[in-house]
Amino acid sequence: MSKVGRNDPCRCGSGKKYKKCCLAKDEKQHLENTRKEDIGALFEDAPFVDDAFDGTDVIEDFEASPGIDVEPYVSKTIDKEMPEIGEQAQALVDAWWSEYDEVMDDPDQVLRHLHAFFQAHPDLVENLGVDEALFELGAKLVRLDRTRDYIDFLKHLRQTFPATYLKSFAYFDRDIIAYSIIEQGSDADIQTYLTWFKEYPDSDVDFLFGVINFLMVSECDEALVDLLESTYDPLIRSPQVIGGDDALDILVYAYCTDYLDRGGDRANPEPLVEQLKALRTPLREPWYDPKSLETTLDQIVGDLDASFLDSFRTTKDVAQFHNTATLNFMGWLHREKGFSWMKAQFYRQQMLRYLLKSTPSGKRPRQPFTFTKQLVDQTLAQNAQFIFSLDPTRALGSINAMYWFGEYLAQRDFISAELGADVQHWCEEMWESASTGLRRDGIEANAFKVFPS
């Protein structure tokens, strides 16, 4: 039996189009017939073409071609070694740690213990190696809803003992930046705390990208672009960094959307082409082609119709199909929900990762957009992993993104209204399950005060 198109007459004989008649019922039945352990039934054996994407599911803007200057970035290193001290001084340090073991469960006693040592032995603070103690102290104070006490202590340490602070600046400055924005909004003065990220961009890359992501969801677009312009080139050229071109991807779209906001002519994007050519890192050739760039801008701000959905059946490049859909989703979020472009771009990234990561290697989705509760749960959880825990920004940001993506697809008639409602219901359940714990244990999660947002 041939496959029924969404706009074809329904097989039931009602005279209605399939999408207006039995599509929702058939989609639901198909999902019910798919066993939980057999997600593979949602995909078919066909090559999954992803020439425009790398292994991290982000479009490759960077073009490495012969003759282009891509000299490795020479990092400015942070000296994390402790100064040499004598036996008597070392005995003072050891005594402090012995006493710490006795008071470590009481954050107030830990604070007094730290301040006492700082005042009595300021020349030995760098030898104390307080990183571990501060990690534990910060976690306890945040859980006790005393984040301000933790942040105030960090600021004191940063100002008074910069050499000690610098050794783990990325962890601590990330917390200060997040807290400042949560308390003061997108106008918070955070430039001081971005300085070392710019000076040592490849020192703690995971934390740098954590800051980038947080600036995106917090709609701090101006500070974000400033940070990206300072760091994208060394991140790409540093031999210590994998996936540094993710920063370039964000910056390129920041330039594109700024061009649109300034009333740039989509049909004649030459000024945008020149701005992209001025980047230190060469891009793929389509970014310099006005016609190709016009198409990208149209995908962001235009409307995708039924013909776009129908093209899924014939396209060999499913990844590019999903890239187009998520670009349009980004424009919809900016236009319909009032999100800043960079928040919309972050949500777009999460949905593109979902669509690509949820597709098994060597397979092709049977439907343009594939959702089951199991698939959504698993893929979003994998996307939010950070070392040994969940990244609060990616975890809660992905749930919000999926919620809005379900509405966007249903509104466009790309999935049934029933499936869109199911997706949103699953997101509500995930939010209830994850948000309280993440807000209790981490600062960044408190940027998501309401759901959906």
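Structure notes:
- Hits in segment 314-368 - residues which are under 15 Å from the mean Cα position of the chain (by Cα) and among the acidic types (Asp, Glu): none
- The residues listed here are 171, 200, 193; of these, the one that is closer than 21 Å to residue 217 by Cβ, in contact with a Lys or Arg (Cβ under 9 Å, 6 or more places away or on another chain) and not aliphatic (A, V, I, L, M) is 193.
- Scan of segment 164-180 for residues that are open to solvent by 10 Å² or more (accessible area, probe 1.4 Å) and more than 19 Å from residue 204 (Cα to Cα), ordered by number: 179
- When segment 194-216 is limited to residues that are in contact (Cβ under 8 Å) with a residue 24 or more places away in the chain and surrounded by fewer than 19 Cβ atoms within 10 Å (Cβ to Cβ), the one that is farthest from the chain's Cα centre (by Cα) turns out to be 199.
- Failed item in (1) assigned to a helix (DSSP H, G or I); (2) open to solvent by 10 Å² or more (accessible area, probe 1.4 Å); (3) closer than 23 Å to residue 410 by Cβ; (4) in contact with a Lys or Arg (Cβ under 7 Å, 6 or more places away or on another chain), with residue 349 passing the rest: (4)
- Test: residue in segment 292-314 that is open to solvent by 80 Å² or more (accessible area, probe 1.4 Å) and at pLDDT 95 or above: no
- Counting only residues that are in a loop (DSSP other than H, G, I, E, B) and under 22 Å from residue 108 (Cβ atoms), segment 140-197 holds 4 of them.
- Residue 429 vs. criteria at pLDDT 95 or above and out of contact with any helix residue (DSSP H, G or I) (no Cβ under 8 Å at 6 or more places or on another chain): yes
- Selected residue (criterion: surrounded by the most Cβ atoms within 10 Å (Cβ to Cβ)) from residues of segment 106-139 that are part of a loop (DSSP other than H, G, I, E, B) and touching a residue at least 24 places away in the same chain (Cβ under 8 Å): 130
- Taking first residues from segment 440-453 that are closer than 28 Å to residue 421 by Cα and partners that are among the basic types (Lys, Arg), the Cβ contacts under 6 Å between residues at least 6 apart in sequence or on separate chains come to 445/439; 446/439.
- Residues of segment 411-453 satisfying the condition of being surrounded by fewer than 19 Cβ atoms within 10 Å (Cβ to Cβ), outside any helix (DSSP H, G or I) and of a type in the set (D, E, K, R): 413, 449
- Candidates 70, 103, 49, 74 - the one that is open to solvent by less than 60 Å² (accessible area, probe 1.4 Å), out of contact with any Leu (no Cβ under 6 Å at 6 or more places or on another chain), modelled with pLDDT under 85 and not charged (D, E, K, R): 49
- Scanning segment 240-254 for residues that are buried (at least 17 other Cβ atoms within 10 Å of the Cβ) and either at pLDDT 95 or above or under 16 Å from the mean Cα position of the chain (by Cα) (or both) gives 244, 245, 246, 247, 248, 249, 250, 251, 252, 253, 254.
- Taken over segment 394-426, the residue count meeting the criterion of being in contact (Cβ under 8 Å) with a residue 60 or more places away in the chain and touching a Leu at 6+ places or on another chain (Cβ under 7 Å) is 5.
- Hits in segment 167-188 - residues which are within 15 Å of residue 157 (Cβ to Cβ) and of a type in the set (S, T, N, Q): 168
- When segment 219-231 is filtered for residues that are open to solvent by 10 Å² or more (accessible area, probe 1.4 Å) and either part of a helix (DSSP H, G or I) or in contact with an Asp or Glu (Cβ under 9 Å, 6 or more places away or on another chain) (or both), the ones remaining, listed by number, are 221, 222, 223, 225, 226, 229, 230.
- Against the test of being closer than 25 Å to residue 444 by Cβ and touching a residue at least 40 places away in the same chain (Cβ under 8 Å), the options 234, 239 yield a single qualifying residue, 234.
- Residue within segment 386-399 that is open to solvent by 10 Å² or more (accessible area, probe 1.4 Å) and more than 18 Å from residue 442 (Cα to Cα) present: no
- Criterion: part of a loop (DSSP other than H, G, I, E, B) and buried (at least 20 other Cβ atoms within 10 Å of the Cβ) - qualifying residue of 405, 371: 371
The values are calculated or read from the model by the stated rules, or taken from the named source; none is laboratory data. Treat the numbers as computed from the prediction; the structure is a model and nothing was measured. We place every Cβ from the backbone using ideal geometry, glycine too, and count neighbours over all the protein chains shown. Side chains included, ligands, DNA and RNA excluded: accessible areas come from the protein's heavy atoms. Shrake-Rupley method; radii C 1.70, N 1.55, O 1.52, S 1.80 Å.
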